[in-house]
Structures are given as structure tokens and as C-alpha cells.
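S.K.: My questions all concern the structure below.
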Amino acid sequence: FELRLHEQFDDTIARDQRIEPRDWMPDGYRRTLIRQIAQHAHSEIIGMQPEGEWITRAPSLRRKAILFAKVQDEAGHGLYLYSAAETLGADRADLTQRLIDGRQKYSSIFNYPTPTFADVGVIAWLVDGAAICNQVPLCRSSFGPYARAMVRVCKEESFHQRQGYELLSTMMRGTDHQRATVQDAVDRWWWPSLMMFGPPDGDSPNSEQSMAWRIKRHTNDELRQRFVDMTVPQAAALGVTLPDPELRWNEERGRHDFGTPDWSELHRVITGDGPCNTERVARRRAAHEDGAWVREAASAHAATQAARARE
Ligand code: 3HC
């Protein structure tokens with residue numbers, strides 16, 4: 001019987017149709033999805049911190065309102081994604097516990113500091129730009145709830161990216177100091193943004209199986225290349241230089257050649273030794289602990305309501 005279910009699963013994947021939560025699925029498929037979706041959800045939630053630091057210091061009411069809305073969107077993305085993980089049988093409280101205990105990962109990119117307001121613009125332009133490159137294909141991921149969550153997430157991410165570009169183009173039309181601040185932020189975020197796509201294909205243990213299951217639709221290196229090709233003309237239009245002496249158009253390939261990120265840095269950041277890892281997780285832990293009374297009150301209220309409904 002299980003063999004028949006497996007065949008049906010393989011057939012659904014081969015026909016490029018969606019697997020839904022109640023369908024039979026191999027344990028490894030479920031485990032891989034929970035891992036990836038949880039990591040993705042944690043990234044959205046931790047990702048609120050670097051930019052959130054600028055909400056009280058944004059230079060105008062307009063910039064403050066935009067930043068507030070963007071950070072709030074990231075919270076919403078995290079919640080959609082935790083819900084998608086729940087459809088696979090994961091428990092949200094358990095996922096949060098794993099994050100704050102350091103047993104589950106979140107994106108390396110959110111372990112870098114944001115010392116200037118230009119970082120807010122560069123995160124939106126480069127980091128959200130990389131997120132879009134990675135996530136648009138995930139709208140066709142084989143697991144229904146994940147793919148559907150990605151549709152809305154990507155629409156909001158593309159708004160985020162545009163506002164970042166608009167912020168940077170305003171600063172680039174400003175003073176020499178503002179232009180230098182933008183260039184400094186680009187210099188700091190470029191390589192970490194390339195690392196967001198994960199290790200090179202040869203060192204990516206999950207890619208082959210995730211591609212076969214159509215959870216991932218492209219490899220890490222394919223998406224990294226797509227991001228570079230997309231970003232180079234935008235950098236030229238902005239008037240900033242991307243900090244890679246090897247970056248050039250390759251006529252033969254019809255793509256850009258570019259240098260190699262420092263993979264040992266990615267490894268260090270993923271394993272907890274990035275510039276802000278300790279601070280990010282400590283803050284998430286404190287927020288979780290400070291919120292314990294809200295969860296208790298909500299559970300007590302739900303229990304009272306349920307008891308009333310039974311009366
Ligand atoms: N940061 C942290 N961990 C990373 C990583 C990164 N940049 N790149 C890879 N890893 C981890 C993987 O999770 C995997 O962990 P494991 O030990 O649990 O197996 C390990 O390194 C090996 O990497 P693989 O390439 O084999 O892993 P995957 O096949 O899962 O590919 C991925 C990694 C491309 C990040 C993939 O998981 C993915 O596409 N995830 C969905 C998108 C996502 O999570 N994005 C995070 C950023 S969200 C964001 O940017 C928010 C926005 O608001 C800006």
C-alpha cells in the first residue's frame with residue numbers, strides 16, 4: 001500500500017502538481033520542508049531586528065512610516081511561514097524554542113550590523129532583491145502551502161526592494177557625504193548578499209534531493225548568478241560601484257563573471273560566529289520570555305471561551 005502511495009507522490013511531483021498537507025509524503029520530504037520553512041520563518045523574524053533599530057531614528061516621518069510598514073510586513077511573512085510549517089505537523093512553540101536554543105538556523109545575512117541609515121536602503125535593495133530572486137521560483141515549489149505563501153511574500157518583497165532603491169537614489173542625489181555613506185554600505189553588504197544563496201553547489205548537501213522533489217527549483221549558484229546579472233545594471237543606474245574587481249560582462253556566456261565569496265566567512269556566520277549572532281538571538285529570546293504573560297493570558301482566555309461554549 002505504501003508503495004502505491006509513494007508512486008502517487010512521485011507522479012504528482014513529475015506532473016508538476018502540488019502536494020497538499022493531507023497527502024501522503026515521504027518522511028524525508030516532510031523533514032526537509034519543515035527545516036527549510038522554519039529557517040525561512042526564523043529569518044523573517046530575526047530580519048526585523050537590523051532595520052528595526054532605525055525606526056526611532058529614521059530621518060523623516062515619511063521614512064519612518066515606510067520602515068515601520070516594512071518591518072511589520074516581515075513579521076507577517078514569518079507568521080505565514082510558521083503556519084505553513086504547522087500544516088506539516090510542526091509546532092510553532094517548538095520551532096521558536098529551537099531558534100532561541102541555537103538548534104535551528106536563520107539566514108546568515110541578518111548577523112551583520114546596520115551602523116548608518118544607508119544600510120536600511122541597501123538591505124532593501126540588495127537583501128530583499130536577493131530574497132526575491134530566491135523566492136519567486138519558490139512560488140512554484142511542490143508543497144502547496146509554502147508555494148502559496150510565497151506569492152504574497154514576493155509581492156510585498158518587491159515593494160520593499162523598490163522603496164530601498166528609491167531611498168538610495170534620493171541619497172545619491174544628495175551631498176558627497178551621503179553618496180559616500182551609500183557606497184560604504186554597498187561595500188559591506190555586497191558579499192554577504194551573495195552568500196544568502198547558500199554554499200556553492202558542490203558544497204550544498206541538500207540541493208540535489210530538494211531539486212528532485214521540486215522543493216527548490218534552481219540551485220544556489222544558478223540563483224546567485226541571476227542576482228548578479230539583475231543587480232549590475234541597477235548599481236550602474238544608481239551610480240555605486242560593486243566591490244568586486246573580477247566583476248565583468250562575459251560576452252560568450254551572456255552573463256557576468258564575478259569573484260568568489262569568502263566561504264569561510266559564510267561558514268563562521270552560519271555556525272554562530274558572525275558579528276551580531278549573539279545579540280540577535282539574545283534579543284529574540286528576551287522578546288519571547290517577556291511575552292510569556294501574553295501567551296498565558298491568551299490561553300486562559302481561550303480556555304474560558306471554550307468552557308462557555310460548552311455550557
Ligand atoms: N544562512 C544560513 N544558513 C544557510 C545559508 C545561509 N545563507 N545557506 C545555507 N544554509 C544552511 C542550510 O539551511 C543547510 O542547513 P542544514 O545544516 O540544516 O542542512 C546548510 O546550510 C547547507 O546548505 P544547502 O544549500 O544544502 O541548504 P538548502 O538546500 O536548504 O539551501 C537556501 C539553502 C537556498 C537558503 C534554501 O534553504 C532556501 O531557498 N530557503 C528559503 C529562503 C530563505 O530561507 N531565505 C532566507 C532569507 S529570508 C529574507 O531574506 C527575508 C526578507 O525579508 C529579506
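The values are calculated or read from the model by the stated rules, or taken from the named source; none is laboratory data. Because the structure is predicted, anything quoted here is derived from the model rather than measured. Positions of Cβ are backbone-derived with ideal geometry, glycine not excepted, and every protein chain shown enters the neighbour counts.
S.K.: Considering (1) out of contact with any Phe, Trp or Tyr (no Cβ under 6 Å at 6 or more places or on another chain); (2) small (Gly, Ala, Ser); (3) under 23 Å from Tyr82 (Cβ atoms), say which one Ala130 fails and leave the rest.
M.R.: (1)
S.K.: Right, something else. Assigned to a helix (DSSP H, G or I) and either within 28 Å of Phe197 (Cβ to Cβ) or of a type in the set (Gly, Ala, Ser) (or both): which single residue out of Asp11, Asp73, Asp16 fits that description?
M.R.: Asp73
S.K.: Name the residues in the range 182-201 that are over 21 Å from Leu33 (Cα atoms) and more than 18 Å from the chain's Cα centre (by Cα), would you?
M.R.: Val182, Gln183, Asp184, Ala185, Val186, Asp187, Arg188
S.K.: Which ones in the range 219-236 are without any contact (Cβ under 8 Å) to a residue 40 or more places away in the chain and more than 22 Å from Asp203 (Cα to Cα)?
M.R.: Asp229, Val232, Pro233, Ala236
S.K.: Search the range 110-129 for residues being crowded, with 23+ Cβ neighbours inside 10 Å and over 15 Å from Arg162 (Cβ atoms), and hand back the single one that is farthest from the ligand (Cβ to nearest atom).
M.R.: Ala118
S.K.: I would also like to ask the following. Which condition breaks for Leu266 when tested against (1) surrounded by 15 or more Cβ atoms within 10 Å (Cβ to Cβ); (2) over 23 Å from the mean Cα position of the chain (by Cα)?
M.R.: In the conditions (1) surrounded by 15 or more Cβ atoms within 10 Å (Cβ to Cβ); (2) over 23 Å from the mean Cα position of the chain (by Cα), Leu266 misses (2) alone.
S.K.: Given the conditions (1) more than 13 Å from the ligand (Cβ to nearest atom); (2) of a type in the set (Gly, Ala, Ser); (3) part of a helix (DSSP H, G or I), and given that Ser158 satisfies all but one, which numbered condition is not satisfied?
M.R.: Looking at each condition in turn, Ser158 falls short on (1).
S.K.: Any chance the range 136-150 includes a residue that's of a type in the set (D, E, K, R), crowded, with 22+ Cβ neighbours inside 10 Å and either within 11 Å of the ligand (Cβ to nearest atom) or at pLDDT 95 or above (or both)?
M.R.: no
S.K.: Now for a separate question. Pick out the one residue from Ala292, Ala235 that is surrounded by fewer than 15 Cβ atoms within 10 Å (Cβ to Cβ) and among the small types (Gly, Ala, Ser).
M.R.: Just a single option satisfies the conditions, and that option is Ala292.
The rows are residues; the columns are (1) within 29 Å of Ala292 (Cβ to Cβ); (2) within 12 Å of the ligand (Cβ to nearest atom); (3) without any contact (Cβ under 8 Å) to a residue 60 or more places away in the chain.
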{"residue": "Asp11", "(1), (2), (3)": "no, no, yes"}
{"residue": "Glu53", "(1), (2), (3)": "yes, no, no"}
{"residue": "Lys70", "(1), (2), (3)": "yes, yes, no"}
{"residue": "Ala84", "(1), (2), (3)": "yes, yes, no"}
{"residue": "Asp91", "(1), (2), (3)": "yes, no, yes"}
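S.K.: With the requirement that a residue be in a helix (DSSP H, G or I) and of a type in the set (Val, Ile, Thr), what does the range 85-139 give you?
M.R.: Of everything in the range 85-139, those that are in a helix (DSSP H, G or I) and of a type in the set (Val, Ile, Thr) turn out to be Thr96, Ile100, Ile109, Val120, Val122, Ile123, Val127, Ile132.
S.K.: Any residue in the range 178-199 that is of a type in the set (Asp, Glu) sitting within a Cβ distance under 8 Å of a residue that is away from the ligand (no atom under 12 Å from the Cβ)? List the pairs, counting only those 6 or more apart or interchain.
M.R.: Listed by first residue and then by second, the contacts come to Asp184/Thr116; Asp184/Ala118; Asp187/Pro243.
S.K.: If Ala75 meets every condition in (1) free of Cβ contacts under 8 Å to residues at least 40 places away in the same chain; (2) among the small types (Gly, Ala, Ser); (3) away from the ligand (no atom under 16 Å from the Cβ) apart from one, which number is that one?
M.R.: Of (1) free of Cβ contacts under 8 Å to residues at least 40 places away in the same chain; (2) among the small types (Gly, Ala, Ser); (3) away from the ligand (no atom under 16 Å from the Cβ), only one is false for Ala75: (3).
S.K.: For the range 53-70, which residues satisfy the criterion of being in a helix (DSSP H, G or I) and buried (at least 18 other Cβ atoms within 10 Å of the Cβ)?
M.R.: Residues satisfying the conditions are Arg63, Ile66, Leu67, Lys70.
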